[in-house]
Amino acid sequence: MMPVVAVKKKICAPHLLLSLSLGFSASVLSLPSSANVDKPNNAGSVSLRRLTEPQYRQSIADIFGADIKVIGTFEPDIRVHGLLAEGTTRVAVTPGGLEQYENIARGIANQVIDEQHWPKLVGCAPQKNDSNGANCAAEFFEHTGKKLYRRPLQKEEIKSSVNNALTAAKKLGSFQAGVGAALAGMLTSPDFLFRIERTTADAHQANGTSLDAWSKASRLSYFLWNTTPDDELLAAAERGDLNNADGLSRQVERLMTSPRFNDGVRAFFDDFLRLDGLTTLSKDSMIYPAFSARVASDAREQTLRTISDLLVTQHGSYLDLFTTRRFAMNRTLGPLYAVPVASKDWSFYEFPENDPRRGLLTQVSFLAAHSHPGRTSPTLRGKAIREILMCEEVPTPPANVNFSVVQDVNNPVLRTTRERVNAHLNDEECASCHKKTDPPGLGLEKFDGVGQFRAMENNAAIDATGDLDKTAFNGAAELGAVMAKSPAVASCLVQSTYRYATGHSIEKNEQTTIDYYEQLFLNNGYRFVDLMRAIAQSPDFYSMSAVTAQNTDSSKAEKSS
Amino acid sequence: MSHKMTRRSFTLRGLLGGAAVTVGVPLLEFFLDANGKAFAANLGGGRLPVRFGTWFWGCGMIPSRWIPKTIGENYDLLPQLAPIKDVQKHINILSGFDVELGAKSNQPHISGPTALRTGAPADSWQLIAAPSFDVLIADAIGSGSYFRSIDFSADGNPRTTFSYRTGTAMNASIPSAVDLYAKIFGADFHDPNAATFTPDPKIMVRESVLSSVSEQRKKLEKMVGSTDRERLDQYFTSLREVEQKLALQLQKPPPAEACSIPHAPAALPAGTDFTDVQVRRANHRVMSELLAMALACNQTKIFNVAFSESASDLRHAGNTTGYHQSTHEELIDRSIGYQPSVDVFATQSMEAWADFVSVLASIKEGDGTLLDNTLVFAHSDVSMAKNHEVRGIPMMTAGKAGGRVRTGIHIAGKGAPVTAAGLTMQQLMGVSTDAWGIDAMRTNRGISELLV
């Protein structure tokens, strides 16, 4: 027998509907009353984080130059509790994945040692007093190894790479080829593929150890720039600057005022909003001829450009993203938005005051990604609002549900999606979840499955009224305004940023830290940049205790992104 | 292990008629049968390697339209299985095997395939606690070949896979024919039938460099906690496998009579809609042919194929509602007693299965075909998708596994646990185990009807 009771309990329990994906109750949403909260002393842990594909690519570009091509298929990153960043502390490398890493590594190494790059990247050669090139190789591996491993190499590590190079050089009959082979080994080693954090003795800490300066530099750099530490940051680590507040602060300011800070902000939102899903998104070309792979990738870029303009360039409030009328636009996307685009390149388009198009939720990246291939889905859109933007958990539907009355598109009586979806709400079992997802999702019904505006569906006018947690709205623009006032939306961003920065789920003893950042976010007018600065400057971000047992409850992890 | 020593000290000099080749360690396992006995396919008709693989399709079937009414040989073909008519003699139908959920709830499209593949239903992909049985089989027999396994998905998504070591160690699928070709027949490919063989010094160098990377293992593992140590272990195990693969490439590959190098497939345009059934089927066919040649060329003994994801994403171009949505939303047509478009999709999934089987059956090998020396295990995520039914998830096998398996029969499980199938596959492929599955799903009773 199907365990009907168990299923019902899972689906209908109201506490599940309200509970946040991070496992604490909705009371988290209430902010501390005092504006001046003491900074809590919170402990994180050392971690082993696999580089994501974008981090790998950018690190290579920074170390060897942007003209070095990274060719190959990466093992997929895994999303845990909605974030690939949290997946980086869970994934290992499978045999198939390692084979790919080794192929990619050899491709990179072969370019580094080619005629074009050798003079700049290696430079030296065997000579009279270094006949086999051992000194030349040692110099290269010491210099490059520090960038690849984000720390100075130990003597025996340099020696091992030199040995590899010389042995290989003999077999291959070429010093360059030998260096290339040894370099490929470094690029395949766990020291490069993972950020392996190290500790150092520290009498000031209760447990006598703290994160070493190199590990601090990596945390900082991947958080703010999504790439490997640059020379200046490595030098600061070497000087010990990252171990005092002033020195740390100087580096944080330097990184955040660099144009590259944009990359860090973009990387966070790409992960948080799950924009990588657009790379495999496909739509029915007969129903949506305007959609293409190009539209999907430009829609992702549009959202990232819109975000970095508002949050970084204008130093704006995260919540304003839900009401902004200023969209990055280009010629690929113009037709979907029915707006003229004069510029060949990206430009900004400001929608009129009363336009239904307003805010992040009305961008193609959101509307298309959370629809079916051939039609809209208020449920999927509402689920994305709840799960991604409000950090709420929407349980999976019961196994034996019958949807057939709900969505017959040819139903002569139920012509619009709203009419069909409303049938969910007449069924008690369905209603418990759908009343959370559908009412906000229905606010976006005037945009079709790829995000084009429509006023009618099957010759019936579309009603885009709805409510979000009892606040009524009419249409997408008003929904955006309601989102912008939702404490859950602000709170979710803070939690997600913290999890992104640390790579782990929020644990019970970190709750006060989260409360602190939420209060700070509120006090700073929800400026995302200020939140990132606060985290980057906080000693908590660099603290560590003994490795905490990793939370194995990954029930919200997705198979696909 | 004395027979291992025998394997290692074995030389090919005699077999190859005086060719000056001495085989180092480890010896290519293709030359050996399960007892360590040497064979060579084209030199005296010894035994050929036996391969194992899985084939997955999503959204199950409609029982009244799929399950044969008769048991045993010459089972009748109902409409959804009609596409396998030409290859029926190679195919066994396993109906009526159940997933026992115990105290767990039914997680749609997850409980079924995770229970069937790993021996226990998981609440999410990432909570998979035990390896899928294809991984256990690969552990037992996969190490002697260039690739431990070759896994592809016809839907263009590397995450469409049902092969897991753990929830966070997923064996990603190769997502395109171009990538699949590059993996098998790319720069590292050695033609087993080439007249001459010269060990490539580049391969020697790669092997020795990776071996120096593996020397860091102890030092690194001391630095991290237990969870991360497991992750590093996985890394170093993977590294070891790549080293072993390189070691194999330094030996002259055994000749493979059925091996012929196919043409490189053309890249599909960006944005190709793989959800359309016809596009999917064509892509699946091309990838299946490449895989078959990888098997015939002795590049791997293990494979995993996904035709469609769990909760199948298949659609018909121009239709607003796809397969998965249809299973839940389409009304049962009372005049015929089933959901008509769901029926079409289920039948089309079986057409793809028939394609796969016939591709393997079309390659001559030894006295029979590649399929005869292979065991393919096919399954879905649910039986009746409309209500995510995990009782009676449809399963099939194809191929004789080198003569170990009967074919062309319908076996009714009558409520036996699906783990009976996973156990039997493991036992047939040489995994040393007498029981498999976790808690309510544990069983020590295999499907004896399958055995010759």
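Descriptive notes on the structure:
- For residue B:365, the amide hydrogen comes within under 5 Å of the amide hydrogens of B:370, counting only partners 5 or more places away or on other chains and with H modelled in the peptide plane.
- Within the same chain, lysines fewer than 8 places from residue B:245 are excluded, and of the rest, those with a Cα less than 16 Å from its Cα are B:183, B:202, B:301.
- Stokes-Einstein diffusion coefficient of region B:345-452, Kirkwood radius over Cα pairs, 4 °C, 1.567 mPa s, in µm²/s: 86
- In chain A, Cα pairs under 8 Å separated by at least six residues give a relative contact order of 21 percent.
- Seen against the Cα atoms of chain B and their longest principal axis, helix B:419-428 is set at about 30 degrees.
- Annotation: region B:256-372 has a Kirkwood hydrodynamic radius of 16.2 angstrom, from the mean reciprocal C-alpha pair distance.
- Grouping the Cα pair distances of region A:327-471 into 10 Å bins from zero gives a pair-distance distribution of 11, 39, 33, 14, 4, 0 percent in increasing distance order.
- Percent RCO, i.e. relative contact order, over chain B, from Cα pairs under 8 Å lying at least 6 residues apart: 30
- Alpha-carbon centroid distance for the pair region B:148-174 / region A:231-300, whole angstrom: 27
- Along chain A, the longest continuous region that contains none of the GluC sites (Glu not before Pro) in a DSSP loop with at most 15 other C-beta atoms within 10 Å is A:116-352.
- Each of A:71, A:84, A:162 was scored by the projection of its Cα onto the charge dipole of region A:70-205, and the greatest displacement toward the positive side belongs to A:162; charges sit on the C-beta of Lys, Arg, Asp and Glu.
- Modelled FRET efficiency - R0 35 Å, residue B:64 with residue B:364, Cβ distances, 0.05 increments: 0.35
- Descending semi-axes in Å of region B:167-301, equivalent ellipsoid built from Cα gyration tensor: 32, 25, 11
- Long-range HN-HN contacts of residue B:98 with modeled amide H, under 5 Å: B:392, B:415, B:416, B:418
- For region B:95-107, 3J(HN,Hα) per residue [Karplus equation, 6.51 cos²θ - 1.76 cosθ + 1.60, θ = phi - 60°, Hz, x = Gly/Pro]: 10, x, 9, 10, 8, 9, 7, x, 7, 7, 8, 7, 7
- Using the Cβ of residue B:297 as centre and a radius below 13 Å, the other residues enclosed give a net charge of -2, where K and R count +1 and D and E count -1.
- Distant-in-sequence amide H partners of residue B:375 (H built 1.01 Å from N, under 5 Å): B:51, B:52, B:53, B:401
- Span-rule helices in chain A, defined as complete DSSP H runs reaching 24 Å or more along the axis (Cα) with Kyte mean at least 0.5: none
- Taking the helices alone, the protein assembly as shown has a mean residue ellipticity at 222 nm of -12000 deg cm²/dmol, built from -39,500 (n - 2.57) per DSSP H run of at least 4 residues and averaged over all its residues.
- Three principal axis extents describe the C-alpha atoms of region A:212-289; from largest down they are 62, 22, 18 Å.
- Lys, Arg +1 and Asp, Glu -1 on Cβ, resulting dipole of region B:177-271 about Cα centre, debye, nearest 20: 340
- Contact order normalised by residue count of region A:79-171, Cα under 8 Å, 6+ apart, percent: 15
- Between 0 and 90 degrees, the angle of helix B:226-249 with respect to the longest Cα principal axis of chain B falls at about 60 degrees.
- Positive-end extreme of charge dipole, chain A - chosen from A:249, A:229, A:288 (charges on Cβ): A:288
- Taking a straight line from the alpha carbon of residue B:69, these lysines sit under 20 Å away, with near neighbours fewer than eight places off in the same chain left out: B:85, B:89, B:414.
- Residue A:134 paired with residue A:380, simple spin-label distance in nm, labels 7 Å along Cα-to-beta-carbon: 6.3
- Share of pairwise Cα separations in region A:262-317, more than 18 Å, in percent: 39
- For region B:385-399, 3J(HN,Hα) per residue [Karplus equation, 6.51 cos²θ - 1.76 cosθ + 1.60, θ = phi - 60°, Hz, x = Gly/Pro]: 5, 3, 10, 6, 5, 9, 8, x, 4, x, 9, 8, 10, 9, x
- Taking the Cα centre of region B:84-193 as origin and assigning +1 to Lys and Arg Cβ atoms and -1 to Asp and Glu Cβ atoms, the resulting dipole is close to 120 debye.
- Cα-Cα P(r), the protein assembly as shown, percent of pairs per 10 Å interval: 2, 11, 19, 23, 21, 15, 7, 2, 0, 0
- 10 Å beta-carbon shell around residue B:244, net charge (K/R +1, D/E -1): 0
- Values of log10 I(q)/I(0), in the order q = 0.07, 0.09 Å⁻¹, for chain A under a Debye, Cα-only, solvent-free model: -0.47, -0.75
- Difference of contour (0.36 nm per residue) and Cα-Cα distance, residue A:231 to residue A:353: 39.2 nm
- Point-charge dipole on Cβ atoms (K/R +1, D/E -1) for region B:234-307, about Cα centre, debye to 20: 140
- Distance violations [Cα-Cα > 23 Å] among A:170/B:218; A:446/A:470; A:69/B:252: A:170/B:218; A:69/B:252
- Within-13-Å neighbourhood charge of residue A:425 [Cβ basis; K, R +1; D, E -1]: -2
- DSSP finds beta bridges in the protein assembly as shown, and of those with both partners inside it, around 65 percent are antiparallel.
- Spatially, region A:466-494 and region A:103-145 are offset by 56 Å when compared through their Cα centroids.
- Here the simple spin-label model places points 7 Å from the Cα toward Cβ, and for residue A:345 and residue A:290 these points are separated by 2.6 nm.
- Kirkwood-type hydrodynamic radius, chain B: 22.8 Å, calculated from all non-identical alpha-carbon pairs.
- Straight-line reach from residue A:146: taking Cα to Cα under 19 Å and skipping same-chain neighbours fewer than 8 places apart, the lysines in range are A:120, A:155, A:159, A:216, B:219.
Read-outs: derived from the displayed coordinates by stated rules, not from any lab. Everything numeric here is computed off the predicted structure, so don't read it as measured data. When we count neighbours, we look across all protein chains shown, and the Cβ atoms used for this are built from the backbone with ideal geometry, even at glycine.
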